[in-house]
1. Give LEU72, LEU90 a once-over and let me know the one that is assigned by TED's automatic domain parsing to the domain that holds ALA18, closer than 13 Å to HIS23 by Cβ, at pLDDT 95 or above and not charged (D, E, K, R).
2. For the stretch 107-158, give me each residue that is small (Gly, Ala, Ser), under 21 Å from the mean Cα position of the chain (by Cα) and modelled with pLDDT under 75.
3. Residues that are aliphatic (A, V, I, L, M), at least 3 per element: which helices (runs of 4 or more DSSP H) completely within the stretch 1-66 meet that?
4. Scan the stretch 88-100 residue by residue and report those that are among the hydrophobic types (A, V, I, L, M, F, W, C) and either touching an Asp or Glu at 6+ places or on another chain (Cβ under 9 Å) or without any contact (Cβ under 8 Å) to a residue 12 or more places away in the chain (or both).
5. If I go through the stretch 209-235 residue by residue, how many of them are modelled with pLDDT of 85 or more and charged (D, E, K, R)?
6. Considering the stretch 40-70 alone, what residues qualify as being without any contact (Cβ under 8 Å) to a residue 40 or more places away in the chain and polar (S, T, N, Q)?
7. Check ARG43 against each of (1) under 17 Å from ARG74 (Cα atoms); (2) of a type in the set (D, E, K, R); (3) touching a Ser or Thr at 6+ places or on another chain (Cβ under 9 Å) and name the one condition it does not meet.
8. Confirm whether GLU73 is without any contact (Cβ under 8 Å) to a residue 12 or more places away in the chain and among the charged types (D, E, K, R).
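The values are calculated or read from the model by the stated rules, or taken from the named source; none is laboratory data. All of these numbers come straight from a predicted model, not from anything done at the bench. In this analysis, Cβ positions are derived from the backbone assuming ideal geometry, glycine residues included, and neighbour counts consider all displayed protein chains.
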Amino acid sequence: MSVPDYESTMLPLLRLAADGIEHKFRDAIEQLSLEFKLTPDERAQLQPSGSQLLFDNRVGWAVTYLTNAGLLERPRRGFFKITQRGLDVLGEDPKHVDTELLLRFAEFREFRGRRRTQEADQKQDQAHLSDQLEGSVRNEGTPEDMLAAGYRRLRSEVERQILDEILRCSPTFFERLVIDLLVRMGYGGNREDAGQAIGRVGDEGIDGIINEDRLGLDVIYIQAKRWQGSVGRPEVQRFAGALQGRRAKKGVMITTSTFTREAIDFASSIEAHITLVDGPRLAALMFEHNVGVTEAGHYEIKRLDSDYFSEE
């Protein structure tokens, strides 16, 4: 199964606390991960920001919501226990506990009101980001979930714009773009060396040669073209033949379009290692390595340092 959302952990949290004793937050996370049968990979999954384990974050927000609704209380740092209200809710034998159920309690409605007021205050300075987050706010994810969803939408739109611009540029500019990207990714030494390599071969389906590392211990042969339609198996076969003719074992085909399934299957079945980079992947690599994009804003996400407040 996938990592459950924060609402899915609310009822298990209440049931865990139903014994009325204090429970350590860290222990509860481990117990719930076993209850949800999370795999090691799911347990190790990070938030998009990479700052915290995804499941830990969602359980943390569930505790926050339940506490603000008066179903849990925090007797001391890092611990929680159930309240009489929480026991009363469990006594109703609910099928699930979610935000809609919590809204029956005035304290939670006040908490939600404060959150929405804070979000409204931030809109003036972060109008563009807020527009991107609007759909996620309606879905009532955690703040980190909302930011992550907004970031994914912003990134998707920028990558679409990148690809549109690539399709408008000249073949010569596209070659320079490939140079910049490969150098940013650590290939080819410096830009001048890479520039001398790219575009100087131009025969047998090979557009350039670039060092795999800064010491030039191995080379990679490159074909980079702005195909209009999907690149099929014949084009990949011709490139593979060109590599074989040079006794080369590594090549990269970069296109602004896509590769057919037959082309992908062929590239994965031959001895030579040919990496296929289609238009969407090219745009994603440019985004990741800051080629053709510039930072429009920086939002630093912070979370409470529990260790700082620990008096144990």
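1. LEU72 is the lone residue from the list that is assigned by TED's automatic domain parsing to the domain that holds ALA18, closer than 13 Å to HIS23 by Cβ, at pLDDT 95 or above and not charged (D, E, K, R).
2. SER130, GLY135, SER136, GLY141
3. Values: elements: 10-16, 25-35, 40-43.
Ranges flagged: 10-16, 25-35.
4. We begin by selecting, within the stretch 88-100, every residue among the hydrophobic types (A, V, I, L, M, F, W, C); these are 89-90, 97.
Answer for the stretch 88-100, where residues must be among the hydrophobic types (A, V, I, L, M, F, W, C) and either touching an Asp or Glu at 6+ places or on another chain (Cβ under 9 Å) or without any contact (Cβ under 8 Å) to a residue 12 or more places away in the chain (or both): just VAL97.
5. Of the residues in the stretch 209-235, 2 are modelled with pLDDT of 85 or more and charged (D, E, K, R).
6. Result: THR64, THR67.
7. That leaves (1) as the condition not met.
8. It is true that GLU73 is without any contact (Cβ under 8 Å) to a residue 12 or more places away in the chain and among the charged types (D, E, K, R).
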